[in-house]
């Protein structure tokens, strides 16, 4: 606990330093400047929140509130089902298949001369900084926090995903994994600590709230990265109390679900350090894990509400664009594990919400879209010039006029030359050896039946193949994922950037 207190003291000291004039009362007139940006990421958040799936009667009044303020995409997909490459894609505006960033990577190693795709890239917050914005950020925005000097003002990040008790409650972190070979996960769950104020996310929210009370002579970009609901699933007891164990639902599951998965898919899904669904069922822990995940969602929802309150009570209330996103989904027993790490629906799908002065309020869009679109969408909403290196498409035409809804699709990449395409009706997966999966969501929303071998769908598969990327860059030398045996082997035979 001493380390946690020290970290919070440092954050507190930061809050009390470099104080410009603070708005103690909300002015009658709002500032008439270019729109500000409130950029919020929530780590490992799947679509269980109220505005989308409303799973097991989840309690998310502030996610619901934000959804009423703007547009919710109920079918948004990440470009990689792992935080490092997913966040690198969002912040660069580039696909993993072009950067070779398929695994984790240090924030300062994304943009470097050895990677031709990223060596001259302008990161999303930087683009706003170069166009007259004061940029600020705190918490997990890139994989760790942010590359050096990306923000004019940085609150940093408390290391790790604590706080954690001295003795782990349930999971040892290794599972069936071999120590020294497979790595260790922080997967664990329980009620801890006693108060919200001991959580790093609470301090991050405080930092953002204080920035919303300041006066600025230019528009601002404020990034806030929440750590929860990333494991370990520890939050105070009051959030667990919202979800009596006997009322908890578990996700749809079939014990034979993996029987029709190609070998590469099984290798990718081999996560020895993660709890398995069979283990969770046999030990009676499945509902407890889901309960902990929902408790973490409600905790983050409360912190989100504090920030929304601060914005609403500020001079910037009517001139701020909000985007909230997550870096990937999270499986809670689907496909036999508790993890992201996959090219299936529950691993690639995550919340994406926009609110802006000129956007429709309370609108939901079910078309498949990409997190890659965040960068160009924010530029168009802000009235800034388009960035010619962005590979994503702005969602503003879709939000305003439903343009492009019918032909919209999303592409996810996991490792070199493993891709999933999500259209309105289908999910098509092609692995590096050419093996395939196809799921018809009109008949099989849980993706239990791989129909890739059914001749009825041959023409559809040919059509979906055309959406796969033409380029499949070799692994970036600085990108890695040492916890997964398949990716260690794949990188060893495909890495070219030295």
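The values are calculated or read from the model by the stated rules, or taken from the named source; none is laboratory data. Since we're looking at a predicted model, the values are computed, not measured. So basically every Cβ, Gly included, is an ideal-geometry build from the backbone, and we count neighbours across all protein chains shown.
Just checking, how many residues over the range 201-252 are assigned to a strand (DSSP E or B) and buried (at least 22 other Cβ atoms within 10 Å of the Cβ)?
10
Okay, residues lined up against (1) farther than 28 Å from residue 481 by Cβ; (2) touching a helix residue (DSSP H, G or I) at 6+ places or on another chain (Cβ under 6 Å):
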position: 193; (1), (2): yes, no
position: 196; (1), (2): yes, yes
position: 211; (1), (2): yes, no
position: 216; (1), (2): yes, no
position: 242; (1), (2): yes, yes
position: 251; (1), (2): no, yes
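Take the residues of the range 316-328 that are assigned to a strand (DSSP E or B) and within 10 Å of the chain's Cα centre (by Cα): which is nearest to residue 279 (Cα to Cα)?
Looking at the filtered set, the residue picked out is 326.
Determine whether residue 302 is assigned to a helix (DSSP H, G or I) and out of contact with any strand residue (DSSP E or B) (no Cβ under 7 Å at 6 or more places or on another chain).
It is true that residue 302 is assigned to a helix (DSSP H, G or I) and out of contact with any strand residue (DSSP E or B) (no Cβ under 7 Å at 6 or more places or on another chain).
Somewhere in the range 406-428, is a residue under 30 Å from residue 255 (Cβ atoms) and without any contact (Cβ under 8 Å) to a residue 12 or more places away in the chain?
So far as the range 406-428 goes, no, none of its residues is under 30 Å from residue 255 (Cβ atoms) and without any contact (Cβ under 8 Å) to a residue 12 or more places away in the chain.
Out of the range 424-433, which residues are under 22 Å from the mean Cα position of the chain (by Cα) and crowded, with 20+ Cβ neighbours inside 10 Å?
Selection gives 427, 428, 429.
Scan the range 186-195 residue by residue and report those that are crowded, with 16+ Cβ neighbours inside 10 Å and out of contact with any strand residue (DSSP E or B) (no Cβ under 8 Å at 6 or more places or on another chain).
Of everything in the range 186-195, just one residue is crowded, with 16+ Cβ neighbours inside 10 Å and out of contact with any strand residue (DSSP E or B) (no Cβ under 8 Å at 6 or more places or on another chain), namely 186.
Please specify each residue of the range 137-172 satisfying the condition of being outside any loop (DSSP other than H, G, I, E, B) and either surrounded by fewer than 18 Cβ atoms within 10 Å (Cβ to Cβ) or out of contact with any helix residue (DSSP H, G or I) (no Cβ under 6 Å at 6 or more places or on another chain) (or both).
Correct list: 137, 153, 154, 156.
Can you pull out the residues in the range 66-93 that are part of a loop (DSSP other than H, G, I, E, B), out of contact with any helix residue (DSSP H, G or I) (no Cβ under 6 Å at 6 or more places or on another chain) and crowded, with 24+ Cβ neighbours inside 10 Å?
Listed by number, the list holds a single entry, 82.
Filter the range 459-491 for residues that are in a helix (DSSP H, G or I), free of Cβ contacts under 8 Å to residues at least 24 places away in the same chain and either under 19 Å from residue 419 (Cβ atoms) or under 27 Å from the mean Cα position of the chain (by Cα) (or both) and give the result.
Selection gives 462, 463, 488, 489.
Looking at residue 4 and the list (1) modelled with pLDDT under 95; (2) within 30 Å of residue 318 (Cβ to Cβ); (3) assigned to a helix (DSSP H, G or I), which single condition is not satisfied?
Every listed condition holds for residue 4 apart from (2).
Residues being within 18 Å of residue 98 (Cα to Cα) and loosely packed, with under 13 Cβ neighbours inside 10 Å: count how many of those fall in the range 444-474.
Result for the range 444-474: 3.
Limited to the range 425-458, what total is found for residues that are assigned to a helix (DSSP H, G or I) and farther than 29 Å from residue 490 by Cβ?
Qualifying residue count, the range 425-458: 2.
I need the full set of residues from the range 399-414 which are touching a helix residue (DSSP H, G or I) at 6+ places or on another chain (Cβ under 9 Å) and either surrounded by fewer than 21 Cβ atoms within 10 Å (Cβ to Cβ) or closer than 27 Å to residue 265 by Cα (or both), in order please.
Answer for the range 399-414, where residues must be touching a helix residue (DSSP H, G or I) at 6+ places or on another chain (Cβ under 9 Å) and either surrounded by fewer than 21 Cβ atoms within 10 Å (Cβ to Cβ) or closer than 27 Å to residue 265 by Cα (or both): 403, 404, 405, 408, 409, 410, 411, 412, 413, 414.
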